Structures are given as structure tokens and as C-alpha cells.
Amino acid sequence: MAIENSLILNIPHHSTFIPFYYYDKAFFPTFLDGPSYTIEKRKKDLIINYEHLIMTDWYTDELFDNSLCPSVKAEVSRLLCDTERFCSDKDEEMSKYGMGFYHTKSFDGTLIKNSDKRIKESIKKKIYHPYHNRLTTAVDNALEENNLALLLDCHSFNPTKLPYEKSNHNSSDRKEICIGTDNYHTPKELLELVKSFFLSKDYSVSLNYPFSGSIVPLSFYKKEKRVLSIMIELNRSLYLIKDTKDKNESFSILKENLKELEEQLISFLNTEVLFELFTKA
């Protein structure tokens, strides 16, 4: 296996697809027979479309994925199944706001889904666990072949602070790039590489704000030093026209910069710095 296959892209929030069965049964309002059907469907469509506009990591599959390395991408919308969350509500801090792996509330706290346990378990079994199995397999393959795996957690964020964000920071504090780290899985050398890269391209950078952390499959979490992880969150104002999902004139520039970063991360995987790091561990 080539070393570039040890850089694994996690892209969990780009999709807006919701299978009809779940759209009908899980989201409010539920469809009704008769004359009210069209009105209720239009109402639901407007609610979900607006939630997608605000909560989707638009085009992160295009911006980050450039065929250099393997990627694990969500097949459905995060509104149906948010694979970035812990599947157990007791372990997931955002579940108390109705935004665990099974979102029941919108970004502003509006109830958008029911709490039917059968539907929730179905989504966990058919969507959540298979996604994490794919991610774990990708990491397993990288460790087996190259003794090393680096997860790049690929996201974007809204230019203004949303109601569900509980941080005391204001919208004016939002930088163009947010880097998320994990104390165990993000070595300082990796953080410095990513931070320095974006600064060299004249982007403003924040660390673990407005979002923090970086994904690691549970079977490796806090157990396996050879699994590295770092999150990149892109301020959507960098590549979208304000208040829309339309690409702006800087989209292609950002995509090229991210490709260059990924090439540098692949080179990083070949460095003696990592050998020394694991020798000390």
C-alpha cells in the first residue's frame, strides 16, 4: 500500500439525501392522506431545506477529496444520522440539545423529528454502525500496511454563531479556518504543520473554536498512538455566496490549497519525526 493511503478523509456532513421512508416517518409533520397531503409536504420541505442550508457542510466532498487518498463519506444527511456524534446519548453532550446522532431538534431548537425508538434503532443499525465500520476498516488497513494512519476530519461551519452553539465567543471571533485537535491523537508536530500551512496562505486560524476535537474510531480512541487525527473546519464565507449554498469565486482556490495541504500531510507521514515520536511512545 502506498503511504498516501494512510491519509484517510472523514467527510460526514456534506450530504442532503434522506430516504423517503425516513423522511415520511421520522420528520415532522408526518404525511397525511387526503387534501392536506400537499400542504403538509410543502411545509416539511421548507423546514428541512432551510435546516440543510444552515447545517450542511456544503461541498466538503468536493473541496477535500481529490483522489490522492481514501475517503469515508456519509451517504445520508446529518439531519437523519449524524455519524460524528457518539451513538449513546449518555456519552454525547449534544444529545441534551436534541442533536445527538439522531437529531430531534433544529439548529434553533425547533422540534423536527419524533423520538420513535424503532426508527432510531433502525437508523443506528443500517446507517450509523456501517459508517463507523467503514472508517475503522480504513484505519485497520492503513495500520496493517504502513503501521500508521492519519484521519483528516473534514468540515465547514456557519459564518455566524448559531443558537445551538453554547460557546461564550461572539460571531465576530470566527476565523476563516478552525483546527480541531485531540490531546492524545494530535501530536504538536502535526498541529504546527497544518496551522503554519494555512497561515502561509494568509488565512486567519483558530484552535478548537468554534468547534473542537477530531474523530477517532472507538476501537483506537486513547489506545493507539499510531492513529493520528486532526480536524479542519472551513468558514463557509470562504467559498459560498452569503446566505446561499452557491459557490463563490474563491471556491477553486480553496480546493487547490486543500489539495496542497493533503500532499504535505502525505509527506509528513514519511518523516523521521513520526518515527521518533512512536519510538518514544
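Summary table below
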quantity	calculated
Filtered residues of region 64-94 (kept if of a type in the set (S, T, N, Q) and over 29 Å from Asp45 (Cβ atoms))	Asn66, Ser67, Ser71, Ser88
Some residue of region 227-244 being hydroxyl-bearing (Ser, Thr, Tyr), in a loop (DSSP other than H, G, I, E, B) and either open to solvent by less than 70 Å² (accessible area, probe 1.4 Å) or in contact with a Cys (Cβ under 8 Å, 6 or more places away or on another chain) (or both)	yes
Considering residues of region 207-226 that are over 17 Å from Glu93 (Cβ atoms) and surrounded by 18 or more Cβ atoms within 10 Å (Cβ to Cβ) only, the residue farthest from the chain's Cα centre (by Cα)	Arg226
Residue selected from region 1-51 under the condition surrounded by 13 or more Cβ atoms within 10 Å (Cβ to Cβ) and β-branched (Val, Ile, Thr), by the criterion modelled with the lowest pLDDT	Ile3
Residues satisfying the stated conditions in region 168-182, i.e. over 19 Å from the mean Cα position of the chain (by Cα) and either modelled with pLDDT of 95 or more or assigned to a loop (DSSP other than H, G, I, E, B) (or both)	Asn168, His169, Asn170
Boolean, Ser156 is outside any loop (DSSP other than H, G, I, E, B), closer than 30 Å to Phe268 by Cα and of a type in the set (Gly, Ala, Ser)	yes
Pair list, Cβ under 8 Å, 6 or more apart: region 201-212 residue among the small types (Gly, Ala, Ser), other residue part of a loop (DSSP other than H, G, I, E, B) and open to solvent by less than 50 Å² (accessible area, probe 1.4 Å)	Ser206/Arg174; Ser212/Thr181
Tally, over region 60-117, of residues that are among the basic types (Lys, Arg), touching a Pro at 6+ places or on another chain (Cβ under 9 Å) and not in a loop (DSSP other than H, G, I, E, B)	1
Residue check for Glu189: charged (D, E, K, R), open to solvent by less than 50 Å² (accessible area, probe 1.4 Å) and not in a loop (DSSP other than H, G, I, E, B)	no
Qualifying residue in region 61-68 (condition: out of contact with any Cys (no Cβ under 6 Å at 6 or more places or on another chain) and buried (at least 21 other Cβ atoms within 10 Å of the Cβ))	yes
Candidates Asn158, Asn147, Asn133, filtered to the one that is in contact with a helix residue (DSSP H, G or I) (Cβ under 9 Å, 6 or more places away or on another chain), closer than 23 Å to Ser229 by Cα and open to solvent by 70 Å² or more (accessible area, probe 1.4 Å)	Asn147
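The values are calculated or read from the model by the stated rules, or taken from the named source; none is laboratory data. Treat the numbers as computed from the prediction; the structure is a model and nothing was measured. Because the Cβ atoms are built from the backbone with ideal geometry, glycine has one as well, and the counts that use them run over all protein chains shown. What goes into the accessible areas is simple: the full protein's heavy atoms, side chains included, and nothing from ligands, DNA or RNA. Shrake-Rupley method; radii C 1.70, N 1.55, O 1.52, S 1.80 Å.
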